[in-house]
Every structure is written in structure tokens, then in C-alpha cells.
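Here's the structure we're looking at; comments come further down.
Nothing in this text is a laboratory measurement; each read-out follows from the coordinates by a stated rule. The shown structure was predicted, so the numbers you read here are calculated from the model rather than taken from an experiment. All Cβ positions, even for glycine, are placed from backbone atoms using ideal geometry, and neighbour counts span all protein chains on display.
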Ligand code: S3P
């Protein structure tokens with residue numbers, strides 16, 4: 001099975017994805033990591049040199065390449081992956097896509113301490129910008145993902161990963 005985790009910045013895709021992959025004994029792939037490896041530079045550099053549209057083009061290419069990769073793996077996507085209709089189609093067709101649904105009140109707290117490395121949150125009014133992005137994307141996560149895992153107050157990444165495994169097992173029976 002190929003699992004893709006989607007959701008807003010700060011929802012825990014990378015940490016949950018790593019745990020999920022090790023529990024399922026599958027390779028773990030981070031889409032932002034692939035983008036950086038394939039372009040030989042950082043996400044922040046890509047945004048500053050090529051703008052968001054340049055970044056989105058590379059993101060789309062990397063996701064398409066991963067969709068063609070053989071065998072199962074767990075993929076953690078960047079928060080904006082669902083903006084592209086092509087990416088949404090790939091996620092629906094080639095992956096079991098899981099939305100990690102974390103309320104904005106919690107994301108806001110997490111993002112306050114995790115802004116560096118996230119070019120979209122660079123400005124001082126980052127909270128308003130994040131809220132707007134969140135509201136605009138929520139429906140895209142919901143309609144792209146085959147499954148939704150709702151984060152509960154105090155839930156650790158480990159607990160979220162276990163919830164996902166249980167949900168996938170239930171879906172198979
Ligand atoms: C983005 C999220 C980031 C990264 C890039 C753009 C977004 O990934 O792909 O900065 O548009 O939400 P994370 O969701 O892992 O922070």
C-alpha cells in the first residue's frame with residue numbers, strides 16, 4: 001500500500017509519517033525532502049529564487065515521479081500539495097491519502113515555534129495569512145483524502161500513527 005499524508009503545515013505529517021512507516025516496516029519519503037534533493041537546494045531558496053509558482057512546478061514533478069515508483073511506501077506531503085488539480089488526481093488514484101485534521105487553534109500554537117523553513121509564514125502577519133490559507137485549503141484536504149484522522153487534544157504523533165493503522169485495518173475488512 002502507498003500511503004500519503006496530507007494536511008496543513010504543522011499538522012504532524014512528517015513525524016506521524018516516520019512513525020507510521022517504521023510500524024508498517026515501509027520506506028518513508030518526505031516530499032519536501034525529495035524536492036530539496038532533486039533540486040540540490042532548500043525549499044526556502046526555491047521560494048526566494050523561483051517564487052511559489054516555481055516551487056509548485058517542482059512539487060508537481062516530484063509527486064508524479066514518486067507515483068511512478070515501484071512498491072509501497074509512506075509519503076509525507078507538503079501542506080500545499082493539494083492546490084494542484086494534477087496532484088489531487090495523483091493522490092486519489094495512486095495513494096491511500098489520509099488527511100491529518102488538526103484544528104486551527106492548535107496549528108497556530110505549533111506554527112508560532114516552527115516558522116523558519118516555511119517561506120509562506122515569513123511575514124509578521126503570519127497568523128492571519130495562515131488562517132486564510134487554512135480556510136482556503138480545508139475543503140481540498142477533505143475532498144482529496146480517502147481517509148481523515150482527527151487529532152484529539154493531547155494526542156502524540158505515536159498515538160496518531162496507531163489510529164491510522166487501526167483505521168486502515170478496519171477499512172480492509
Ligand atoms: C507549504 C508547506 C511546506 C512546504 C512549503 C509550502 C504549504 O511543507 O512544502 O513551504 O504551501 O503549505 P509542510 O506542510 O511540511 O510545512
- the range 1-46: translational diffusion in µm²/s, Stokes-Einstein, Kirkwood Rh over Cα pairs, 10 °C, 1.306 mPa s: 136
- If you average 1/r over every pair of different alpha-carbon atoms in the chain and take one over that average, what Kirkwood value in Å do you get? 16.3
- Query: Can you pull the Rg over Rh of the range 36-122, Cα-only, Kirkwood?
  - Reply: 0.98
- Provide 109, 131 in ascending order of the number of other Cβ atoms located within 10 Å of each residue's Cβ, fewest first. 109, 131
- the range 104-145: radius of gyration over Cα atoms, expressed as a fraction of 2.2 N^0.38 Å: 1.20
- In 5 Å bins starting at 0, how do the alpha-carbon pair distances of the range 90-166 split up by percent? 3, 13, 21, 20, 21, 16, 5, 1, 0
- Item | Exposure proxy order (Cβ contacts within 10 Å, fewest to most) of 45, 169 | 169, 45
